[in-house]
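Everything on this sheet refers to the single structure shown next.
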Amino acid sequence: MGPSELRPVLAPAAILLLAALAVWLGPALPASLAGLRTLGPYVVLALGVAFALRFNRGRALILLASLLAAYAGYDYAQGLGGFAAKAVYTALVVLVPLNALAAMALPERGVLYYGSYRWAVLIGGEALLILWIAAAGRSALSGLAWQGLLEHWLFRSPPTPLAGRLFFAAAFVAAVWRAWPKHTPLDIGLAAALASFFVAAEWAESASVFGAFMTAAGAIVLVAFVQESHRLAFRDELTGLPGRRALDERLRALGPHYVIAMADVDHFKGFNDTHGHDIGDQVLKLVAARLAETGGGAEAFRYGGEEFCVLFRDKTLKEALPYLEHTRASIERYRMAVRSDERTRHLEAGIRRRGDSVPTKLLSVTVSFGAAEPEIERQPPVQVLKAADEALYRAKKGGRNKVST
């Protein structure tokens, strides 16, 4: 895991550390702010639910709604005492990770798909079940059998019963699995929120600790939503490169010396027409990966379609050209193995069943580059970008698979 992949982990780690400090400094809070200990988790978790609805993220909604219901149940149980409080706590620390595990096991379909109402029914049913368990011995509808069940070694608590720990471990592993290998901020945030809930559950006998780490769970997901929206706005989903909006920001911050190179995949429309859009996407990913490895401190961006931009800061055109030429050659040398023909899929399926090798075709791809640098001091980057685009046009007209200036 590289530095860029570790970056989404930093915010959850910082929030968990702040929660621990809040618990340590909690007694020093003035009386006027004491209400934050109970109101804070409600506000943060409710905001998280609203964000999940707005961003149409089903897994986040399920986890946050479960956490919000869990905190409300915990808060309500504080005034019950005795078996009722213990029953509510045990049910919460078992059902929340179970909900999370189910959400992680199912595909992400958003909030508005046709079957989403079932989750609302499930969480509502769980709330009724918890109230039924808590009423054991107090209501004719809930007998004493629950009391014996909660004394079983699997459900004995506090702290978190073994059943809750097992379900939490499974849900956390599933959340980490979902976060791999893309390491998106939201996926990492959901795994960290589960960890924060587990800490809260382990120290649930202290209302301040429980509230602090439930607040942290909601805050982690809120920050993850902000990071995710930034990622979607500034990074291309297909290639993983920064997008055009990120390039615009970089151009505004350039110094006097830089080089802009525009790159275009040669005959890309032919790849799509002949081999299909799946192969076209593979070509774009291949080119993006090679451009990202361009040396000399270059940054690669997806400009749009089959066009890319490579930016060299503090470099002259003479210094940048060898790096561009090396990248062009590395793309030209690469051979990509693909299906021999889309129309022979049924035949190839039969070949696989017999254990024979499937025929493949090796494709090569080339890229044309156009590069430019400022001709006068303080020349606007947009003019240099236009000059690079004109140089790219000359490379195309001159036979493709070359670097023009």
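Just checking, how many residues over segment 250-277 are touching a Pro at 6+ places or on another chain (Cβ under 9 Å) and open to solvent by 30 Å² or more (accessible area, probe 1.4 Å)?
The total comes to 5.
Take segment 127-146 and flag every residue that is modelled with pLDDT of 65 or more and surrounded by 12 or more Cβ atoms within 10 Å (Cβ to Cβ).
Passing the criteria: 127, 129, 130, 131, 132, 133, 134, 135, 136, 138, 146.
Would you mind stating whether residue 197 is crowded, with 21+ Cβ neighbours inside 10 Å, farther than 23 Å from residue 50 by Cα and either among the hydrophobic types (A, V, I, L, M, F, W, C) or under 12 Å from the mean Cα position of the chain (by Cα) (or both)?
no
For segment 89-111, which positions are over 27 Å from residue 180 (Cβ atoms) and not hydroxyl-bearing (Ser, Thr, Tyr)?
91, 92, listed by residue number.
Run down 174, 134 and say which single residue is more than 27 Å from residue 13 (Cα to Cα) and out of contact with any Ser or Thr (no Cβ under 6 Å at 6 or more places or on another chain).
None of the others qualify; the one that does is 134.
Within segment 166-186, does at least one residue satisfy the condition of being over 23 Å from the mean Cα position of the chain (by Cα), closer than 21 Å to residue 98 by Cβ and not in a helix (DSSP H, G or I)?
no
Could you tell me whether segment 373-393 includes any residue that is assigned to a strand (DSSP E or B) and modelled with pLDDT of 90 or more?
No, the conditions are met nowhere in segment 373-393.
Inside segment 173-214, can you point out the residues that are aromatic (Phe, Trp, Tyr), without any contact (Cβ under 8 Å) to a residue 60 or more places away in the chain and closer than 14 Å to residue 59 by Cβ?
Matches in segment 173-214: none.
Where residues in segment 230-249 are among the aliphatic types (A, V, I, L, M) and modelled with pLDDT of 85 or more, which of them is most open to solvent (accessible area, probe 1.4 Å)?
That would be 238.
Does any residue in segment 42-66 that is closer than 16 Å to residue 107 by Cβ come within less than 6 Å, Cβ to Cβ, of a residue that is open to solvent by 30 Å² or more (accessible area, probe 1.4 Å) six or more places away or on a different chain, and which pairs are these?
58/108; 58/109; 59/108; 62/119
Open to solvent by 30 Å² or more (accessible area, probe 1.4 Å) and either among the polar types (S, T, N, Q) or in a helix (DSSP H, G or I) (or both) - does that describe any residue in segment 108-115?
Checking segment 108-115: not a single residue is open to solvent by 30 Å² or more (accessible area, probe 1.4 Å) and either among the polar types (S, T, N, Q) or in a helix (DSSP H, G or I) (or both).
Would you mention how many residues in segment 279-323 are part of a helix (DSSP H, G or I) and open to solvent by less than 50 Å² (accessible area, probe 1.4 Å)?
11
Are any of the residues in segment 163-186 surrounded by 16 or more Cβ atoms within 10 Å (Cβ to Cβ), more than 16 Å from residue 90 (Cα to Cα), of a type outside the set (A, V, I, L, M) and in contact with a His (Cβ under 9 Å, 6 or more places away or on another chain)?
Within segment 163-186, one or more residues are surrounded by 16 or more Cβ atoms within 10 Å (Cβ to Cβ), more than 16 Å from residue 90 (Cα to Cα), of a type outside the set (A, V, I, L, M) and in contact with a His (Cβ under 9 Å, 6 or more places away or on another chain).
Has segment 11-19 got any residue that is closer than 21 Å to residue 131 by Cα, modelled with pLDDT of 90 or more and open to solvent by less than 80 Å² (accessible area, probe 1.4 Å)?
The answer is no; no qualifying residue exists.
Kindly indicate whether any position in segment 69-78 is surrounded by fewer than 15 Cβ atoms within 10 Å (Cβ to Cβ), out of contact with any Phe, Trp or Tyr (no Cβ under 9 Å at 6 or more places or on another chain) and either charged (D, E, K, R) or at pLDDT below 85 (or both).
Yes, segment 69-78 has at least one match.
The values are calculated or read from the model by the stated rules, or taken from the named source; none is laboratory data. Quick caveat, the model's predicted, so the values are computed rather than measured. Neighbour counts are summed over all protein chains in view; Cβ atoms, including those assigned to glycine, are modelled from backbone coordinates with ideal geometry. Only protein heavy atoms, including side chains, enter the accessible area calculation; ligands, DNA and RNA are left aside. Shrake-Rupley method; radii C 1.70, N 1.55, O 1.52, S 1.80 Å.
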